[in-house]
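Reading through the structure tokens given below for one structure.
A short reminder: the numbers here are calculations on the coordinates, not readings from a lab. Being a predicted model, the structure only gives us computed values, none of them experimental. With ideal geometry, Cβ positions are generated from the backbone for all residues, glycine too; neighbour counts draw on all protein chains shown.
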Amino acid sequence: MKKSVIAIILAICLIALVPLFVLKDAEFGGSDDAGSQVVEQVNSSYEPWATPILEAAIGRELPGEVESLFFCIQTGIGVGVIAFVMGRLVERKKWMKQQK
């Protein structure tokens, strides 16, 4: 079991790191950038119909560090919810076995 877990972790690390070294001149942009470029190509006169709430409140674009912070907080909350639900399911299964 341990060897397979180590092999999986090593494979994940390789999948994440190899493209960074093999594709030296590649640009790894986000989906927001790619989507904006496609919208611009399809309809160059497109005007966004909504603005982010926090950007409107502070009157300027959020710094990248703050956006990353919000993304990390959102990820942490999501992982917490998923872990809680999975833990409850496992415990329910154990509890049901004990009642039989």
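Just a few scattered comments:
- Charge dipole (the chain, unit charges on Cβ, about Cα centre) - positive-most of 46, 12, 86: 86
- Estimated FRET transfer efficiency when R0 is 30 angstrom, pair residue 85-residue 54 (beta carbons, to 0.05): 0.55
- Protection proxy ranking, highest mean first, for peptides 44-52, 13-21: 13-21, 44-52, where packing is the per-residue count of other beta-carbon atoms within 10 Å, averaged.
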